[in-house]
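Enquirer: Structure below; questions to follow.
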Amino acid sequence: MSLRKRKSAWWIDIRSPNGERIRRSTGTESKALAQEYHDRLKAELWRRSKLGEKPRHVWDDAVVKWLKEQAHKATIKEDVARFRWLDRYLGGKPLDTIDRAMVDKIMDAKLAEGVRNATANRLLELVRAVLRKCVNDWEWLDKAPSVRMLKEPTRRIRHLTREEAQRLLQELPEHMADMAAVSLATGLRQANVTGLQWPQIDLARRLAWIHP
C-alpha cells in the first residue's frame, strides 16, 4: 500500500517515475487529507519527470541550503538572526510566489520598527542574495523579483591627526588606551583587537596573526 498509518500520522510510500523511492509522513491523522497529499505528490513527480517541470521549493528550503553553503561566513550569525525575523513573512512561502509587492511589504515592516535605512538594506540584501542563488546557482527559479535598496546617507570618512590620537590615548584608561593604540597603528576593528589571544601574538618578532 502507498498509504500506511504509523502511530498518529499517515505515511506515504511511493516510487517516482524515475524509480526513486519516497517514504515520508503526511503530517496528518486524516486519511482523506493524507490521500490528497499523496495524489498531489504523485502528480508533481509525474510532471517533473515527463514535462521537465522544476520541483517547487519553499523559502525554508532556500534558507536551509543557504546556511549550509555559507556556514564559513564570519557574519553567518547575523544571517541566522535576519532569517528568524523574516520567517513571519516568508516561512512556508513557495519561492515562485515571492514577488516585488511581498518584498516591499517586508521593507515597510522593518522600517516600521524605527530602524535606519542601512539596517533595512542589510535585510533586503540577504533576501536578494538568496533569491539570486535560487535562480543562478540552484536553478529553483526562472527569475527573481527586483529588490529595491533604500537610500543611505553618504558619510564622510575622517581620520584622526597625530595630535588628536595622542589626546585620545591620554584620556583613556590604560587597558583601553593599549587597545586603542593597537587599532590606530594597524587599522584593525574593535572585534579583532578584543578577540586577540596569546597564541596569535609573537612579542619577540612583534607580530600578530588575525583570523578572518
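The values are calculated or read from the model by the stated rules, or taken from the named source; none is laboratory data. Note that this is a predicted model, so its numbers are computed, not measured. Note that we place each Cβ from the backbone using ideal geometry, even for glycine, and neighbour counts take in every protein chain shown.
Enquirer: I need the full set of residues from region 168-201 which are surrounded by fewer than 12 Cβ atoms within 10 Å (Cβ to Cβ), farther than 14 Å from His211 by Cβ and among the charged types (D, E, K, R), in order please.
Expert: Glu171, Glu174
Enquirer: Of all the helices (runs of 4 or more DSSP H) wholly in region 1-110, which have at least 1 residues that are over 27 Å from Asp142 (Cα atoms) and touching a strand residue (DSSP E or B) at 6+ places or on another chain (Cβ under 7 Å)? Step through it out loud before you land on a result.
Expert: Values: elements: 31-51, 59-69, 76-90.
Here the list reads 31-51.
Results for (1) touching a residue at least 24 places away in the same chain (Cβ under 8 Å); (2) over 9 Å from the mean Cα position of the chain (by Cα), shown as yes or no for each residue.
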| residue | (1), (2) |
| --- | --- |
| Val63 | yes, no |
| Lys73 | no, yes |
| Tyr89 | no, yes |
| Asp96 | yes, yes |
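Enquirer: Can you name the number of the only condition in (1) in contact (Cβ under 8 Å) with a residue 60 or more places away in the chain; (2) under 15 Å from the mean Cα position of the chain (by Cα); (3) exposed (fewer than 12 other Cβ atoms within 10 Å of the Cβ) that Pro55 fails?
Expert: So the condition that Pro55 fails would be (2).
Enquirer: I need the full set of residues from region 1-16 which are surrounded by fewer than 15 Cβ atoms within 10 Å (Cβ to Cβ) and touching a Lys or Arg at 6+ places or on another chain (Cβ under 7 Å), in order please.
Expert: Scanning region 1-16 gives Asp13, Arg15.
Listed here are the residues, each with its yes/no results for (1) among the aliphatic types (A, V, I, L, M); (2) under 30 Å from Arg84 (Cβ atoms); (3) assigned by TED's automatic domain parsing to the domain that holds Val130.
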{"position": "Ala9", "(1), (2), (3)": "yes, yes, no"}
{"position": "Asn18", "(1), (2), (3)": "no, no, no"}
{"position": "Arg23", "(1), (2), (3)": "no, no, no"}
{"position": "Ser30", "(1), (2), (3)": "no, no, no"}
{"position": "Ala34", "(1), (2), (3)": "yes, no, no"}
{"position": "Trp46", "(1), (2), (3)": "no, no, no"}
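Enquirer: Output the residues belonging to region 10-52 that are more than 31 Å from the chain's Cα centre (by Cα), under 30 Å from Ile98 (Cβ atoms) and free of Cβ contacts under 8 Å to residues at least 24 places away in the same chain.
Expert: Listed by number, the residues that qualify are Ser30, Leu33, Glu36, Asp39, Ala43, Leu51.
Enquirer: Is it the case, given these coordinates, that Ala74 is in the same structural domain as Gly92 (by TED's automatic domain parsing), touching a Pro at 6+ places or on another chain (Cβ under 9 Å) and either closer than 24 Å to Asp96 by Cα or exposed (fewer than 13 other Cβ atoms within 10 Å of the Cβ) (or both)?
Expert: yes
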